[in-house]
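For reference, the structure is listed below as structure tokens.
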Amino acid sequence: MKLTQLSVFLENKPGQISLPCRALAKAEINILTLSLSDTQQFGILRLIVRDWRKARTVLEQAGCVVNLTEVVALEVDDRPGGLAELLELIEREGINIEYMYAFTFGRNEKAVMVFRFDDPDKALELLRLNNVNVLGSVDL
């Protein structure tokens, strides 16, 4: 299952990350996970929430520039080599990982990671054929 991730573009200066967080808090939207990356000029705050449609509206009304992206959340064995084995499986099929980030919690000796693939449908098919647990928004 693909998840919808919100990418919020922010100026790279102090205080900018609090604007979208305050807007979501005021609307009672909980952030399930996030990632922040930067360049010299701007940052990208990537968020996964349960109700992305409401979050998008709230963020845009707060003046944020928001882009939607399909990502995939996976369980990865939480042991040395667990991630390496998964990455080897994906690489053998020629699927590119544009970026990835981890959740802050694990489940039953599994880590949870979010992947942005260049071809998410091909990646999902490969993962299902290899019994990799793909998580949906309900699981998160």
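The numbers here are math on the coordinates, done by the rules we state, and not lab data. In this text the structure is predicted, and so the values were computed from the model without any measurement. Glycine gets a Cβ as well: all are built from the backbone with ideal geometry, and neighbour counts include every protein chain shown.
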hull vol. (C-alpha, convex hull) per residue for the chain, Å³ -> 120 Å³
Projecting each Cα onto the charge dipole of region 29-109 (Lys/Arg +1, Asp/Glu -1 at the beta carbon, about the Cα centre), which of Val72, Leu47, Leu87 comes out farthest on the positive side? Leu47
Here the relative contact order (percent) of the chain, from C-alpha pairs under 8 Å and at least 6 apart, is 27 percent
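When only DSSP loop residues count, what trypsin sites (Lys or Arg not before Pro) in region 38-140 have their Cβ near at most 15 other Cβ atoms within 10 Å? Let's see the in-between values first.
On the way: sites: Arg46, Arg50, Arg53, Lys54, Arg56, Arg92, Arg107, Lys110, Arg116, Lys122, Arg128; in loops: Arg50.
Within region 38-140, the qualifying trypsin sites (Lys or Arg not before Pro) (loop, at most 15 other Cβ atoms within 10 Å) are Arg50.
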With Rg and the Kirkwood Rh both taken from Cα atoms, where does Rg over Rh land for region 3-70? 0.93
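Run the helix sum for the chain: -39,500 (n - 2.57) per DSSP H stretch of 4+ residues, divided by residue count, reported at 222 nm to the nearest 500 deg cm²/dmol. Display every interim value, and only then the final one.
Working: 4 runs with 40 residues, N = 140.
Rounded to the nearest 500, the figure is -8500 deg cm²/dmol.
Starting from the Kirkwood radius over alpha-carbon pairs of region 72-132, derive D by Stokes-Einstein at 37 °C in a medium of 0.692 mPa s and give it in µm² s⁻¹.
Values: Rh = 11.7 Å.
Reported coefficient: 280 µm²/s.
Evaluated at 37 °C with a viscosity of 0.692 mPa s, what Stokes-Einstein diffusion coefficient in µm²/s does region 31-96 have when Rh comes from the Kirkwood expression over alpha-carbon pairs?
Numbers: Rh = 14.8 Å.
Result for D is 222 µm²/s.
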